[in-house]
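The values are calculated or read from the model by the stated rules, or taken from the named source; none is laboratory data. Note that the structure is a prediction, hence the values are computed from the model and not measured. So basically every Cβ, Gly included, is an ideal-geometry build from the backbone, and we count neighbours across all protein chains shown. SASA here: full protein model, heavy atoms, side chains in, ligands and nucleic acids out. Shrake-Rupley method; radii C 1.70, N 1.55, O 1.52, S 1.80 Å.
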Amino acid sequence: MGQPYSNILVVAPAAIHIATYRSQTARCENTRIFMQHLRQVKASAGSGKTYELTRCFLQRLVACGAPGTAASPACALSSSGPCGWGDILAVTFTNAAATEMRERVIRQLKSAALGQPMQGLELDSASAGRWVDAIMRDMSALNIRTIDSLLHLIVRAAALDLRLHPDFQPVFATEEALTPYLDLLLEKAWQGDENMRGLLRQVCRAMVHHGQSKGFLAGEKLLYQLRPLLDSALLGRYGDLSSYEELEQKLIALNRTARQAAGHLLHAASGTRLPWLSNAEKAVTAWADGECKNSAFLTKDAASQLFKKGAAVGPEVEHAYTAFSLAAQACMQDGQLLRQALRLEPSIRMARILADAFLHNQEQEGTLPGLLVPHMAHEVLSGDHGVPETLCRLGARLTHYLVDEFQDTSQEQWRALRPLVEEALSRGGSLTWVGDVKQSIYGWRDGDPELFDGILEDKGLAAVAATTARDSLPFNWRSRRQVVEHNNALFSLLEQADTARAVMSALLPGDMPEDLSAEIMDASVKSLLGAFAGTRQECPEHTPDGGLVQVEDIAADSSEMLREAVFDRLGRILLDDVAPQRPWSDVLVLVRSNDGAARIADHLVRLGIPVITENSLLLSAHPLIVQTVALLAFLDSPDDNIALLTVLTGEIFHGHPEAAELAHTDLH
């Protein structure tokens, strides 16, 4: 029976990509059983990553022997004997991925019980049936969880040692945990605490004078200034900082030196009656008057370039210009850094006060910022008896680790997990990590794709691992042949050093210092080559032909006009090309942001195309709810013209048959 086709549309800011592919469920028949102790699996999109991870999990499950109790005696003095099936841990990055893998494990065991085991799994029907029965009786012991939940579990088991509230609740945003302390600080200032008042005054003054804030509500601006500083303050990343007064004096000294140098240059040129270029004289005079403005005349090769042709520039003027040029450039570069420091210094002090107050009351706090969890887990596990004691508390002697989407693991998360992995490897356990650095999407959460290749370079782990392996999944089981060939032709170019260097040259800023630029360029090219090495995928034998990748360049004079042009083209493609051939459920539109999704969804709904987005199912955003609320608001307050306009232009009224004659009437 043929497999259903699926259409995918990708909308980028200036291009539309349409790809049609055919999913397949067949898998490669020639497989090997991988039981390496330290194994990396590079898995590009559509290569069967979850399938491979499920197979590895089941292979370790079967190696436990006959189904028995889930966990081995974690607190026993001796760790000999096979591990329990609860000692196999699969780590994912989302709850949805954990649920999917859990379902796949059960599904594959049921298939094996019916005589259809997956390739590479040596499991007879009777044993598979017993495994299904054992796991279904103790499903909670099936150790498939997210990396966050694992670290939370470790921290919660040691809550008393860490002086945490035993029932603490993790919060994603640090702001949520620290905002109550900001309210207390503001209350103290309101009650007359001069220290708090002085600090608030400095924060507001810095935002106005050095942040160039114009006409603001202090509360919202204050939170906006503090948000990016709270995490670092909570982690103690701010060392000894110069005081506001010290920074201000340095900035004043820079400005004074540049102003004096400009005055000296004007005096020297006046003494020899040199004929100035008009714009050059204006630029130098502005600096002498204390106006620090950037100008091309600050970086000329010689003083003669500031004067009319034929002017005889003496050594005094030349030296005066050199001194002015250096002072002005220092004022522009160092001065900019100092102004940024002056803007941030009072806010950093405030963030430190909030963080110190939170940590002081940590034992009584019911919330814990999520960014502290990996650090606390590392603290728990890094002691001499940290790992054995933690495993005893968890009630499981974790032996085999399988990590999905490893390219999104952060350095802090890996630092916390590493002691567990090292201890497992020393007992003959294993670590299998699967991922693709090209698909790294958690950079905003400090995900570090370089870790993916860095594990095999970890000499400590390599020393205790009996075997190591670096594998890749070569086949694309998801897409049609033409789509795979298009991707190969496009992305395999990045395996070439010249192409990678040209790409990075276009991406890196051109005004970087030469020595720094060369260092960053070499590191970036190396990283890019590593990411796309072996990126070419193969098609399985029975991959059907067909598929389409179409790219269209859409130009416009402004971002608003570009968006309208893209939306218009997307609507025409959907209505003219897709709708006659495919049901709407086959169509997926990808955008870069939630705001973009909302805009496109609104546009498509107006074209009569049914749309589901992450937010479209929220009742508060549904057009009928919006218009009903507007109608009630108008009935309550007839002077509310905005509510009246919302009702009259909405489909409840505007689309009603009795209102059809008003459709083209000027209601104003």
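In the stretch 297-370, which trypsin sites (Lys or Arg not before Pro) fall in coil by DSSP and have 11 or fewer other Cβ atoms within 10 Å?
Lys309
Would the stretch 144-245 count as rounded, prolate or oblate if I go by the C-alpha gyration tensor, calling it rounded below 1.5 in a/c and otherwise prolate when a/b exceeds b/c, oblate otherwise? Numbers along the way, then the final one.
Values: a/c = 2.36, a/b = 2.09, b/c = 1.13.
Here the stretch 144-245 falls in the prolate category.
Over the stretch 487-572, what is the relative contact order in whole percent, taking alpha-carbon pairs under 8 Å and six or more residues apart? Could the numbers behind the result be given before it?
Working: 42 pairs, mean separation 29.2, N = 86.
Computed value for the stretch 487-572: 34 percent relative contact order.
Which ³J(HN,Hα) values in Hz, rounded to whole numbers, follow from the phi angles of the stretch 387-393 under the Karplus curve 6.51 cos²θ - 1.76 cosθ + 1.60, where θ = phi - 60° and Gly and Pro get x?
With coefficients 6.51, -1.76 and 1.60, one gets 5, x, 5, 5, 4, 4, 5 Hz.
Taking the chain as the reference, fit the longest principal axis to its C-alpha atoms, fit the long axis of helix 147-157 to the helix C-alpha atoms, and give the angle between the two in degrees, 0 to 90, nearest 10.
It is inclined by approximately 80 degrees.
Between the stretch 276-301 and the stretch 549-618, how many Å separate their Cα centres?
If we compute the Cα centre of each part, the gap is 51 Å.
Once you sort the root eigenvalues of the Cα gyration tensor of the stretch 203-332 as a ≥ b ≥ c, which label holds: rounded (a/c under 1.5), prolate (a/b larger than b/c) or oblate (the other case)? Write down the numbers at each step before the final one.
Details: a/c = 3.42, a/b = 2.61, b/c = 1.31.
Prolate.
Return one number: the angle in degrees, 0 to 90 and rounded to the nearest 10, between the long axis of the Cα atoms of helix 174-190 and the longest principal axis of the Cα atoms of the chain.
For 174-190 against the chain, the angle is about 40 degrees.
Got the relative contact order for the stretch 114-247 handy, in percent, Cα pairs under 8 Å and 6 or more residues apart? Present the calculation step by step, with values, prior to reporting the outcome.
Numbers: 30 pairs, mean separation 14.8, N = 134.
For the stretch 114-247, the relative contact order is 11 percent.
Rounded to the nearest percent, how much of the accessible area of the chain (1.4 Å probe, protein heavy atoms only) is carbon and sulfur?
Ligands and nucleic acids excluded, carbon and sulfur give 53 percent.
In degrees from 0 to 90, rounded to the nearest 10, what is the angle of the helix 372-381 Cα long axis to the longest principal axis of the chain?
Here the helix axis deviates by roughly 60 degrees.
Please give the peptides 278-290, 365-377 ranked by average Cβ packing (other Cβ atoms within 10 Å per residue), highest first, as a rough proxy for protection.
Ranked by mean Cβ neighbours within 10 Å, highest first: 365-377, 278-290.
Relative contact order of the chain: what whole-number percent is it, with Cα pairs under 8 angstrom and at least 6 residues apart?
23 percent
Pick out, in residue order, every one of the trypsin sites (Lys or Arg not before Pro) in the stretch 101-186 that is DSSP loop and has at most 16 other C-beta atoms within 10 Å; say none if there are none.
Those satisfying the criteria are Arg163.
Could you pull out every residue, at least 5 positions away or on a different chain, whose amide H is within less than 5 Å of the one on Thr367? Hs are placed 1.01 Å off N in the peptide plane, and Pro or chain starts have none.
Gln169
Per DSSP helix of 4 or more residues, -39500 (n - 2.57); summed, then divided by the residues of the chain. What does that give at 222 nm, rounded to the nearest 500? Mind showing how you got there, number by number?
Details: 23 runs with 331 residues, N = 668.
Result for the chain, helices only: -16000 deg cm²/dmol.
Counting only DSSP beta bridges with both residues in the chain, tell me the antiparallel percent, nearest 5.
35 percent
If you count only protein heavy atoms with a 1.4 Å probe, what accessible area per residue comes out for the chain, rounded to a whole Å²?
On a per-residue basis, the chain sits at 55 Å².
Straight-line reach from Lys49: which lysines have Cα under 24 Å away, leaving out those fewer than 8 places along the same chain?
Excluding near neighbours in sequence, the set is Lys110, Lys438.
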